[in-house]
Amino acid sequence: MDQSLAKFSESISFDHRLYRHDIRGSIAHARMLAQQGILTQDECGQIEAELIRIQGLIDRKELPFKIELEDIHMHIEQALIDALGDVGRKLHTARSRNDQIATDLRLWVREGLDTVDRLLEELQRAYLSRCEQDAGVILPAYTHMQRAQPVLAAHYWLAYIEKLNRDRLRVADCRRRVNICPLGGAAVAGTSMPIDRHLTAELLGFESVATNSIDISSDRDFAVESVFVLSMIATHLSGWAEEWILWSTTEFGFIKLPQAFCTGSSIMPQKVNPDTLELTRGKSARVIGSLQTLLVLLKGLPLAYNRDLQEDKPPLFDAFDTVMACLELAVPIVRGSVLQVESISKRLDQGYLDATALMEAIMMQGVPQRTAHHKDGALVAMAHEQNNTLSQLIDDDFRKVDSGFDGAILRESLGVDGAVASYRSYGSSGPDFVTDQIASWKKKLQVESD
Ligand code: ARG
C-alpha cells in the first residue's frame, strides 16, 4: 500500500476511542466461540487475559498507534497475535470488521446516551431548584419578543424542564434502537460457523439480536438518530443561551450570570461577556452540522458495508462531545445565575402586561370576546393617554368605556399580581397550578420535598 493511501484511509487517529468497546465485544465473542466449542476454554482464557492486558496498555497510552494498522480493530488484533501467535489468530473467526465496528459503535453510543440522559436530568434538577429560589417572582412572558403577559418565573423554569424531558424521552426511545446486537452478522451474509448470536448479545447487554446480516453491516440509522436527538438538545440549549444573553444585558437587566462562567474584555474593563452562553449557541451549529454530515454520508450508499461508513465517527463523536460539554456548563449557569428582581419588578408595570387579564375579566361579565377586546383596547388607550397603568384607572374611566363596568371588580385582575392570580387553566401560570407542577416534578426527579 502506498504511504499516501495509508495516511488517507487510516481511522486510528479517531477510532482509538472505541478501544474499550472493541475489547468488550471481542471478549464476548471469544466466550461465545468457546461455548460453541469453536475455541477451547483454554484458548478463550488466554485471549481474554491478553485482551485485558492490551486494554491496560492502551489505558496507559503504551500501545503505539501506527497508520499502517489502519484502525482500532487491527491494532488490538495485531497486539493479540503478537502475544499469542496462532491462538490470537483464531479470534476473528465468524466475524468481520463490518459487524465489529457496528458493535463497537452501538456500545459506544449506548454509553453516550446514558451519560447525556444523566446530564439532562441534572439540568432539570437545576431548573427545579430555581423554582423555589425564585418563588413568587414575576417575569414578563414574551410573544414576538414583545412583552405579552405576566408569568411566574417558576413557570419559565418549568417550561425548560418540559423541553428537557422530551429530550430525555427521545434519548430513551433512541436507545431502544441502539441496543440491538450486530455481532455475528459477519461481512455481509452471515457465517457457516455454528455461532450463537443470542449468547453474544446477552453477554454484551444488548436487548435483542439484529436479524438481517446485510442490514447489519450497512445500518447507521442509530447514529443518525442519536445525533438528531443531540441536535434537538443543542437547539434547546441554544435558544436558552440566546434568551439569557439578552436577559443579562443592561437593556434587559433581568439576570446576573455567574462570573466564573463569563469573561472580561482586554480593552473594555467594565465588560462581563457571556461567552459560555454564546459558545453554547454557537456550538449548536456543529451538532446540527454533524446531523447533516451523517445524512449526506448515507444517502447514496448501496447495500451493504461501504468504506464511506468510516466517516461516520468524527461527526458522531463530535456531536456527543459537544452536547455533553454544553450540558455540563449549563448546570452551574442555571444554578448560579441570579434574577435581578428589583430591576425586573420596577418595569413590570410597563407594557400593559395585565391587559389580557382585564379583557378576560370583562368577558366574565358576559361581554363577547371581540367586544371585550375592543373595550379593553379603549381602556389601554385611555391609560396610555393619562400616562397611567391600568390599575390606576378610576371607576369613572371604566364607566366612560362602558356604563355597565364595575371598576372595583375589574381592578381585581389588574396589576401583574392580580393578573397572575387570575390564571386558572391547566398548564397556566396560575400559582396553584405552578405549585402542583413543582411538586410533581420533584416527585418525578426524586428531589426531597422540604
Ligand atoms: N475502520 C472501518 C470503519 O470505521 C472498520 C471497518 C472496515 N471494514 C472493511 N471491510 N474495510 O468503518
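One quarter of the convex hull surface built on the alpha carbon atoms of region 1-148 amounts to 15.7 nm², the projected area averaged over directions. Using only alpha carbons, region 1-43 has a radius of gyration to Kirkwood radius ratio (Rg to Rh) of 1.25.
Each of Ser266 and Thr235 was given a label point 7 Å from its Cα along the Cα-to-Cβ line. The distance between the two points is 3.7 nm.
The slack in the chain from Asp432 to Ile394, taken as 0.36 nm per residue of separation less the alpha-carbon distance, amounts to 10.7 nm.
Positive end of the dipole of region 46-154 (Cβ unit charges, origin at the Cα centre): among Thr143, Leu84, Gly112, the Cα lying farthest that way belongs to Thr143.
The distance linking region 327-343 with region 109-131 is 16 Å (Cα centroid to Cα centroid, whole angstrom).
With a simple spin-label model that places each label point 7 Å from the Cα along the Cα-to-Cβ direction, the separation between His373 and Arg347 comes to 2.8 nm.
Between Phe65 and Ile214, the contour length at 0.36 nm per residue exceeds the Cα-Cα span by 50.5 nm. Computed from the C-beta positions of Gln365 and Gln78, the FRET efficiency with R₀ = 56 Å rounds to 0.10.
Rounded to the nearest 20 debye, the dipole size of the chain about its Cα centre is 160 debye, using +1 on the Cβ of Lys and Arg and -1 on the Cβ of Asp and Glu.
So for the chain, averaging the separation of alpha carbon pairs under 8 Å that are six or more residues apart and normalising by length, what relative contact order in percent results?
Numbers: 602 pairs, mean separation 68.5, N = 450.
Normalised by residue count, the contact order of the chain is 15 percent.
Does anyone have the angle between helix 275-299 and the longest principal axis of the chain? Alpha-carbon axes, 0 to 90°, nearest 10? Orientation of helix 275-299: about 50 degrees from the principal axis.
Here r is the Cβ-Cβ distance between Asn306 and Ala381 and R0 is 56 Å; the resulting FRET efficiency, rounded to 0.05, is 0.25. Here region 1-83 is treated with +1 on each Lys and Arg Cβ and -1 on each Asp and Glu Cβ, and its dipole about the Cα centre works out to around 340 debye. Among 362-374, 8-20, the peptide with the highest mean count of other Cβ atoms within 10 Å heads the list, and the full ranking is 8-20, 362-374. Ignoring aspartates and glutamates fewer than eight residues from Lys256 along the same chain, the ones with Cα atoms less than 20 angstrom from its Cα are Glu132, Asp134, Glu242, Glu243, Asp275, Glu278, Glu328, Glu342.
Comparing Cα centroids, region 417-450 and region 1-78 end up 53 angstrom apart. Dividing the summed -39500 (n - 2.57) terms of all DSSP H runs of n ≥ 4 by the residue count of the chain sets its mean residue ellipticity at 222 nm at -20500 deg cm²/dmol.
In the chain, Rg over Rh equals 1.15, where Rg is the alpha-carbon radius of gyration and Rh the Kirkwood radius from pairwise Cα distances. Stretched out straight at 0.36 nm per residue, the stretch from Ala439 to Ala325 would grow longer than its current Cα-Cα span by 38.1 nm. DSSP bridge analysis restricted to region 110-210 gives an antiparallel fraction near 75%, rounded to the nearest 5.
So what is log10(I(q)/I(0)) for region 118-184 at q = 0.28 1/Å, when the Debye sum runs over its Cα atoms only? Taken in order of the listed q values, log10 I(q)/I(0) reads -1.11. If you line up the long axis of helix 153-178 against the longest principal axis of the chain, both from Cα atoms, how many degrees apart are they, to the nearest 10? With both axes taken from Cα atoms, the answer is about 20 degrees.
Dividing the Cα radius of gyration of region 340-404 by its Kirkwood radius returns 1.02 for Rg/Rh.
Throughout, read-outs are computed from the coordinates displayed, never taken from laboratory work. What you see is a predicted model, and the numbers here were worked out from it, not measured in a lab. Quick reminder, even Gly has a Cβ in these numbers, built from the backbone with ideal geometry, and neighbours come from all protein chains shown.
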